[in-house]
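A short write-up of the structure that comes next.
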Amino acid sequence: MKKYVAELIGTFWLVLGGCGSAVLAAGFPDVGIGLLGVSLAFGLTVLTMAYAIGHISGCHLNPAVSLGLWAGGRFPAKDLVPYIAAQVIGGVLAGAVLYVIASGAAGFDLSGGFASNGYGEHSPGKYTFMAALVTELVMTAMFLFVIMGATDSRAPAGMAPIAIGLCLTLIHLISIPVTNTSVNPARSTGVALFAGDWAVMQLWLFWAAPIAGGIIGAVVYRFVASEDKVTDSKTPEPDPA
């Protein structure tokens, strides 16, 4: 149970830290942190939790990561359901805490989206469904490619959290204008349930695309990083006996 609780706490921190920065601080008058700050906040949540719980649960914090690592041969199938359940519960709990905090401000209104992910009219830059699909698919694929590589036994020891955190920061810098950046079904679910309406209707995409992308990225890395077995084709010398 300890690793499941660790995943719940870690995902709680990711959603509260990342979505919290978007809801509470991104557009705050005069000192708002903006797109760069929100992107960094998401990266920092993963970086800090990777060092805090990486040795307990592996610090997935994301159903797409768990499924990708399974597809890449790094994670047992028997743990998929409890990991994903813990991640979603952590995300929803964070959404609830964020709602309590955000609703304490005068003029609070969920119509702003509550950091939910969307496409079309609900994309920050009004990007189409196809643009959102491709973005989430490719970004999650690259995220898993980096995770697989950074945690490879041949990679520099102890540096994986930094690479993974910076990768997630970069992903947000690229894709916030398109979908508000998901690459994580638990993150999307945690706030969409409180925003309701269109956020829930469009939520399916932010499950399907990240999961498909995560599996693709992990499988591609597994292929690229596999070591070919070298066979000796020389004719063996006859046994003198």
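The values are calculated or read from the model by the stated rules, or taken from the named source; none is laboratory data. As the structure is a prediction and not an experimental result, all values here were calculated from the model. Note that each Cβ is placed from the backbone with ideal geometry, even for glycine, and that neighbours are counted across all protein chains shown. Calculation scope for accessible area: heavy atoms of the full protein, side chains included, ligands and nucleic acids excluded. Shrake-Rupley method; radii C 1.70, N 1.55, O 1.52, S 1.80 Å.
Of the residues V191, V220, V224, the single one that is buried (at least 19 other Cβ atoms within 10 Å of the Cβ) and of a type in the set (A, V, I, L, M) is V191. So, of the residues in the range 182-228 that are modelled with pLDDT under 95 and not in a helix (DSSP H, G or I), which turns out to be farthest from G90 (Cα to Cα)? Among them, the one singled out is D228. A search for C-beta distances below 7 Å between a residue of the range 182-208 that is over 15 Å from L61 (Cα atoms) and any residue that is surrounded by fewer than 21 Cβ atoms within 10 Å (Cβ to Cβ) and not hydrophobic (A, V, I, L, M, F, W, C), counting only pairs 6+ apart in sequence or on different chains, returns F194/Y99; A195/G113; W198/H122; A199/G113; Q202/H122. Restricting attention to the range 146-155, does a residue exist that is under 25 Å from D109 (Cβ atoms) and either crowded, with 20+ Cβ neighbours inside 10 Å or over 13 Å from the mean Cα position of the chain (by Cα) (or both)? No, the range 146-155 has no match at all. Set side by side, the residues I84, I56 differ, and just one is in contact with a Lys or Arg (Cβ under 6 Å, 6 or more places away or on another chain) and open to solvent by 10 Å² or more (accessible area, probe 1.4 Å), which is I56. Taken over the range 21-60, the residue count meeting the criterion of being aromatic (F, W, Y) and over 27 Å from A6 (Cα atoms) is 1. For the range 89-126, the candidate set comprises residues that are surrounded by fewer than 19 Cβ atoms within 10 Å (Cβ to Cβ), touching a residue at least 40 places away in the same chain (Cβ under 8 Å) and part of a loop (DSSP other than H, G, I, E, B); within that set, the residue that is farthest from the chain's Cα centre (by Cα) is G125.
Being free of Cβ contacts under 8 Å to residues at least 60 places away in the same chain, in a helix (DSSP H, G or I) and on the phi < 0 side of the Ramachandran plot is the requirement here; does M130 meet it? Spelling it out, M130 is indeed free of Cβ contacts under 8 Å to residues at least 60 places away in the same chain, in a helix (DSSP H, G or I) and on the phi < 0 side of the Ramachandran plot. The single residue among T181, T169 that is surrounded by fewer than 24 Cβ atoms within 10 Å (Cβ to Cβ), more than 19 Å from R74 (Cα to Cα) and of a type in the set (S, T, N, Q) turns out to be T169. Per the listing S103, S66, S21, S57, the residue uniquely of a type in the set (S, T, N, Q) and closer than 16 Å to A195 by Cβ is S103.
Of the set (1) free of Cβ contacts under 8 Å to residues at least 12 places away in the same chain; (2) within 20 Å of V38 (Cβ to Cβ); (3) not aromatic (F, W, Y), all apply to V81 but (2).
Looking at the structure I just gave you, is C19 open to solvent by less than 10 Å² (accessible area, probe 1.4 Å), in contact (Cβ under 8 Å) with a residue 40 or more places away in the chain and within 13 Å of the chain's Cα centre (by Cα)?
yes
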